[in-house]
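These notes are about the structure you will find just below.
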Amino acid sequence: MKATKETHQFKTEVQQLLNLIINSLYSNKEIFLRELISNASDAIDRLRFRAQTDPEILGRDTELKIKIIADKKRQTLEISDNGIGMTYDEVMENIGTIAKSGTASFLEAVQKSKKNDSLPMELIGQFGVGFYSSFIVADEVRILTRAAGEEKAVKWESSGDGSYTIQEAEKDTRGTSILLKLKKVEKDEQDFTDEWTIRRIVKRHSDFVGYPIVMDVEKEEPIPESEQIKDKNGKNIGKETRNVIREETLNSMKAIWARNKDEVTEEEHKEFYQHISHDWNPPLTHLHMKFEGKTEYHVLLYIPSKAPFDLFRPERRHGIHLYCKRVFIMDNCKELIPDYFGFVHGVVDAPDLNLNVSREILQQDALVRNIRKNIVKKLFDLFSGMEKEKYEEFYGEFGQILKVGVHSDFENREKIADLIRYKTTKSDGKYVSLKEYVDNMKPDQKEIYYITGDNLSALINSPHLESLKDKDYEVLLMTDPVDEWVVQGLPEYKGKKLKSAEKGDLDLEPPDAEKKNKFSALFDHIKSSLEDKIKEVRPSTRLKESVACLSGDAYDMSAYMEKILKASGQEPPDVKRVLELNIDHPVFEKIKALYEKDKDDPVLKDYIGLLLDIAVIGEGGRIENPSRFSKMIGDLMAQSLK
């Protein structure tokens, strides 16, 4: 710890965030108090957890609470706690740097937001930047903190102007105090030093915090009989009441998950969800359960209505908080829920858990495995029982992450398959379940056909689907990168194999043998001309109208998978594709005539290159020589118009 005051500059991203906060408009400034109370609650949680193995850390200060001190004259607001506190190094690490604040992620989400006139309030708190919301309402912010077990405190101060100061300080007790010098209150704005304003905000946003949120309030109380002024006849001649200052608890501290589910209102669920998730949007729905048997435990889970921006990021934290007899054990409890349900927020309170449980023990704990199994089962029941419209709303947000389970959870693969949805060549832009697809299959159709790619319109119009459409077969249009792993993890559904429309033999009507032989010499010539680019030339069973397409063998990598790997910086294996040609297309009689007249004709060579370019473009690929392609198309148009 440094004894002298030091001045440091905020990291660039933090300063960008502060500029956004200070200069943006807000429809709901009061969110700052929720965030600071939430941080204080987390600090007490960490202290209680440490105290399970080190009871001496509490000392004599065992009445854990969060205190709000409002000074109307000075226009200051202070939020203090007697939680774990921070050391000098922890203040430096947590306040003003990217590593802990998540500001880079926050800024990325802000930039993606369409709300240009204000900072999106639903983003505050989701990325660990809740502390910075202090600058919504404050010109200056001061932190005074003393870590549990430390003798010296740390003082941090900033006006949000690009720098902050930090120095060693004195503080009688452990914990953290945040003092806000509030901005001038404009007309019709809330005064955050007003008692009833504070009461309302705490009740609305922080009523379920598990520790007392207290404030000194002035109250009128009766004067005790012994202290009253009386005349000589014993009658009162003075005041019977007086104003006194009393510390009052502002929140109910009710463990919502332990209450009877019929007693909890939707508004209470909304407020509690926002408290634990830091998501400003209301939840889509929830599960409130009490499991009874050899062991009892409470489970309260919330399904968000909007997906977070970092849904697929590996470092993303899970939303399950683990408690034991209302004592906070840990958050980000991945042992209780699989990754593909990692978007779920909630609380599990298991009284029979060891308070000193570690993540390593959790992985082996039979009770934890039982809880996980029941949670997963109940979530499957919830999603499968949703009304169609509500489920489609959910699936539009979380369908991609749900699909991850097909590849990663073999035991529940079929249940996940029942939940996934796809748009198809017949669904008019609506989602179709695999069960609906199978039920709608043609009597002569044996397999489930699909095609993968990143553009829905390109897939619908893909030349690979021409024969399938001609037979009136429906095709699943898979446009998410994760779908490439879905088809690997789900080789069949309800006894029907999944088959790619662009790979292997489609087992449709084979080409006419006589006609195939008629073009065999030409095909051999085309193959030799393109042997460095393709591995084979075949008459196509896929094409009806188009002249050419590229396909792969059954176990080859798809064109989309190759594109995904390249986009992620990986070099896919070099696998040549098959050039399929439509021998029923009228152009082939003319190309065949050109070949038979002079197989060394440069025009024939150009046409062979053009066939490959057409096939590459047809699947959304990039051709090697766009200028040559453009010139040839122009020449062909000119000849056609003569």
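The values are calculated or read from the model by the stated rules, or taken from the named source; none is laboratory data. As the structure is a prediction and not an experimental result, all values here were calculated from the model. Every residue, glycine among them, receives a Cβ derived from its backbone with ideal geometry; neighbour counts consider all protein chains shown. Ligands, DNA and RNA are stripped out before the accessible areas are found, and what is left, the full protein with its side chains, is counted by its heavy atoms. Shrake-Rupley method; radii C 1.70, N 1.55, O 1.52, S 1.80 Å.
Overview of values
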quantity	calculated
E151 at pLDDT 90 or above and part of a strand (DSSP E or B)	no
Breaking point among (1) of a type in the set (A, V, I, L, M, F, W, C); (2) part of a helix (DSSP H, G or I); (3) open to solvent by less than 30 Å² (accessible area, probe 1.4 Å), for W196	(3)
Inter-residue pairs, beta-carbon under 7 Å, first outside any helix (DSSP H, G or I) and in segment 30-47, second open to solvent by less than 10 Å² (accessible area, probe 1.4 Å), 6+ apart	E30/I201
G504 being small (G, A, S) and without any contact (Cβ under 8 Å) to a residue 12 or more places away in the chain	no
Selection count where residues are among the β-branched types (V, I, T) and open to solvent by 40 Å² or more (accessible area, probe 1.4 Å), scope segment 559-584	1
Candidates E414, E436 - the one that is within 15 Å of F383 (Cα to Cα), of a type outside the set (S, T, Y) and open to solvent by 70 Å² or more (accessible area, probe 1.4 Å)	E414
Filter result (more than 37 Å from the chain's Cα centre (by Cα), more than 18 Å from T173 (Cβ to Cβ) and of a type in the set (D, E, K, R)) within segment 35-88	D71, K72, K73, R74
Residues located in segment 585-614, provided they are assigned to a loop (DSSP other than H, G, I, E, B) and surrounded by 11 or more Cβ atoms within 10 Å (Cβ to Cβ)	H585, K599, D601
Some residue of segment 159-174 being surrounded by fewer than 20 Cβ atoms within 10 Å (Cβ to Cβ) and in contact with a helix residue (DSSP H, G or I) (Cβ under 6 Å, 6 or more places away or on another chain)	yes
Those residues of segment 615-632 which are open to solvent by 60 Å² or more (accessible area, probe 1.4 Å) and assigned to a helix (DSSP H, G or I), in sequence order	I617, P626, S627, R628, S630, K631
Some residue of segment 347-354 being modelled with pLDDT under 85, buried (at least 18 other Cβ atoms within 10 Å of the Cβ) and in a helix (DSSP H, G or I)	no
Which listed residue, of K494, K535, K566, K515, is free of Cβ contacts under 8 Å to residues at least 40 places away in the same chain, over 15 Å from I451 (Cβ atoms) and of a type in the set (K, R)	K566
Enumeration of residues in segment 482-516 that are touching a Ser or Thr at 6+ places or on another chain (Cβ under 8 Å), among the aliphatic types (A, V, I, L, M) and part of a loop (DSSP other than H, G, I, E, B)	A501, L506, L508
Scan of segment 316-346 for residues that are of a type in the set (F, W, Y), more than 15 Å from the chain's Cα centre (by Cα) and either open to solvent by less than 10 Å² (accessible area, probe 1.4 Å) or modelled with pLDDT of 80 or more (or both), ordered by number	Y323
Residues within segment 546-558 that are under 19 Å from L522 (Cα atoms) and open to solvent by 30 Å² or more (accessible area, probe 1.4 Å), tallied	1
Selected residue [open to solvent by 70 Å² or more (accessible area, probe 1.4 Å) and assigned to a loop (DSSP other than H, G, I, E, B)] from D207, D262, D188, D216	D188
Subset tally (residues that are under 28 Å from E389 (Cα atoms) and in a loop (DSSP other than H, G, I, E, B)) for segment 278-312	13
Scope segment 1-29; condition part of a loop (DSSP other than H, G, I, E, B), at pLDDT below 85 and among the charged types (D, E, K, R); matching residues	K2, K11, K29
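Rundown of residues vs (1) open to solvent by 20 Å² or more (accessible area, probe 1.4 Å); (2) over 46 Å from the mean Cα position of the chain (by Cα), yes/no style:
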residue	(1), (2)
E509	yes, no
D512	yes, yes
K518	yes, yes
I526	no, yes
R538	yes, no
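For (1) hydroxyl-bearing (S, T, Y); (2) at negative phi, each residue gets a yes or a no:
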{"position": "L468", "(1), (2)": "no, yes"}
{"position": "M478", "(1), (2)": "no, yes"}
{"position": "P481", "(1), (2)": "no, yes"}
{"position": "K494", "(1), (2)": "no, no"}
{"position": "K497", "(1), (2)": "no, yes"}
{"position": "S500", "(1), (2)": "yes, yes"}
{"position": "E514", "(1), (2)": "no, yes"}
{"position": "K518", "(1), (2)": "no, yes"}
